[in-house]
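These notes concern the structure reproduced below.
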Amino acid sequence: MVVGRAANEEWRADLIFRALADRTRRDVIRRAMSGTLSVSGLARLYPMSTTAVQKHVAVLEEAGLVHLRRHGRQQLVQTEIDTVAKAQALLAEFEQLWLGRLDRIGDVLAQPVDGDRS
Amino acid sequence: MTVIAVDRDPIARTLTIVAEFDKPAKRVWQVWADPRQLERWWGPPTYPATVVDHDLSDGGRVTYYMTGPDGEKLHAWWRIISVDPPRSLAFEEGNADDSGPNDDPPTTSIKVRLVETPEKTTMTITCKFAPTPDGEVPGAGTEKGMRLAVGQIDAILTTTTWP
């Protein structure tokens, strides 16, 4: 399968999906779009310790969904838009593939075949 | 054909799609069981499928190739895990080359379930994708430098299909 082949060669899908499966981490991705928030700045937004937020950021960083950059004494968190887009593209691609197939099955079923009068 | 539900589960690496057809299960089953009918829908229009072997029995093999616009042939195989006509089919799919299946592990496990009601048949398809090693991607270049608007990203991240 064309899409499956590309997907399997292409993705660190496991890491990315695990990272995206957590609500807080998805929120961090959203807030870090601008790349102006530090880890401690992010930590103030959630009812959890800075250490807990640091762990979430580490998971996101490992999956390539964010990267950290040094700005003076701060570590700023920046969302990797490419990775987010790719993760979504992977599932969306499969979804489109199957929606196309189901559509064509509908066409096949709409036409009579040998031995079928339904 | 009506698509009733689509569910993406990133933790389980699973895509589930439920669709309804206004035909009896026996008829819907044929689109899987008859290789000539399978060929008519499996490949995208730009990559039509040609089924070579088609043994829909427990442990059986299906082999096929899809022909791209430039004549390139993409070979692939199914290994049938279980089959119960016209109710269920489970198989693994993997890639091959023109000399036959390669040693790579299967890429996807697919389960098909048909449930007939008086007026229609519901088909549930569950695709579970194999965990993937890191790797460079053919075709990834097309997405390099891709940028989504903030609003689009937001739509992705707030979508209810992420658990």
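The values are calculated or read from the model by the stated rules, or taken from the named source; none is laboratory data. These figures come from a predicted structure and were not determined experimentally. Quick reminder, even Gly has a Cβ in these numbers, built from the backbone with ideal geometry, and neighbours come from all protein chains shown. We work out accessible area using only protein heavy atoms, side chains counted, and drop any ligands, DNA or RNA first. Shrake-Rupley method; radii C 1.70, N 1.55, O 1.52, S 1.80 Å.
Assorted remarks:
- Accessible surface buried once B binds A (1.4 Å probe; total of both sides; Å²): 5300 Å²
- Taking 0.36 nm per residue of separation and subtracting the Cα-Cα distance, full extension of the segment from B:E119 to B:S88 would add 9.3 nm.
- Simple spin-label estimate for A:T36 and A:Q111 gives 5.8 nm between the two label positions (7 Å along the Cα-to-Cβ direction from each Cα).
- Using all pairs of distinct alpha-carbon atoms, the Kirkwood hydrodynamic radius of region B:14-83 works out to 13.4 angstrom.
- Fully extending the segment from A:A52 to A:Q96, taken as 0.36 nm per residue of separation minus the present Cα-Cα distance, adds 12.2 nm.
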